[in-house]
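This report concerns only the one structure given below.
Any read-out appearing in this document is the output of simple, stated calculations on the displayed coordinates, not a laboratory observation. Worth saying up front: this structure is predicted, and the values here are computed from it rather than measured. A quick note on method: Cβ atoms are made from the backbone with ideal geometry, for glycine too, and the neighbour counts reach across all protein chains shown.
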């Protein structure tokens, strides 16, 4: 299932979809089906235009980010924090060493900040190597170096270095929390990813308090055109479509009770 989901996403993400539609349209045109080819090519152009030059992706992302509200004050006296993986650049680190964070770095920087004001809290890092090859270090190992560099004792860390997706995050976290006798915990992940994460934890009857981070939208995006940042629009569209497909896929598979 893990590899099938990877292949499926490779094919249906917006820019890939636009490419494959363009190729199919060209093939139809060269085969003598000019009207069919033109229609398919026009559909590809529409997908590309919506992805690059409208706020659609930002609206889809914003609708996810707005569903779970971050607490107005920092939590105190918490026993544990669960940090879902996705913020480490495993491939870059494998070639250059060090600790390289990506756009989801807030998952770690906010966890670090909260760890410093909650010195007794355990930190459960849930994230392995989610690549096709499985050849990289995995996130939990790198996370230990990150937290240690800022004075957090490795004894406070609980590491899950095998989970490759959000469903495995939940399964492995459930087992580790039971083993350590911890809970309820703070759940830290990107705001757009929090609805799916909370749905999984709720389904598993794991009580967690959400602490969304890594917001990608202002919260005030409206529908319209945006010709100022096509690359960012494409990135946000891709992130939003992937997360919405994840919600629908998990619901269809019975892993969550309701995607909305």
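Side notes on the structure shown:
- Ascending count of other beta-carbon atoms within 10 Å, so fewest first, for 82, 99: 99, 82
- Normalised by the number of residues in the chain, the average gap of Cα pairs under 8 Å and 6 or more apart makes the relative contact order 26 percent.
- Listed from fewest to most Cβ neighbours within 10 Å, the set 163, 79, 153 follows the order 153, 79, 163.
- Folded to 0 to 90 degrees: helix 14-30 orientation relative to the chain principal axis, Cα: 20
- Estimated translational D of the chain in µm²/s (Stokes, Kirkwood radius over Cα pairs; 10 °C; 1.306 mPa s): 80
- Region 1-91: radius of gyration and largest Cα-Cα distance (Dmax), Å: 20.7, 70
- The distance between label points at residue 148 and residue 30 comes to 5.5 nm (points 7 Å beyond Cα on the Cα→Cβ vector).
- Mean projected area of the Cα convex hull of region 182-260, taken over all directions, amounts to 6.2 nm².
- Protection proxy ranking of 188-199, 85-96, 244-255, 165-176, by the mean of other Cβ atoms within 10 Å over each peptide's residues and highest first, is 188-199, 165-176, 85-96, 244-255.
- A straight chain from residue 202 to residue 43 at 0.36 nm per residue would run longer than the Cα-Cα distance by 53.3 nm.
- Projected area, mean over directions - region 80-213, Cα convex hull, nm²: 7.4
- Over region 52-111, the reciprocal of the mean inverse Cα-Cα separation, the Kirkwood hydrodynamic radius, stands at 14.7 Å.
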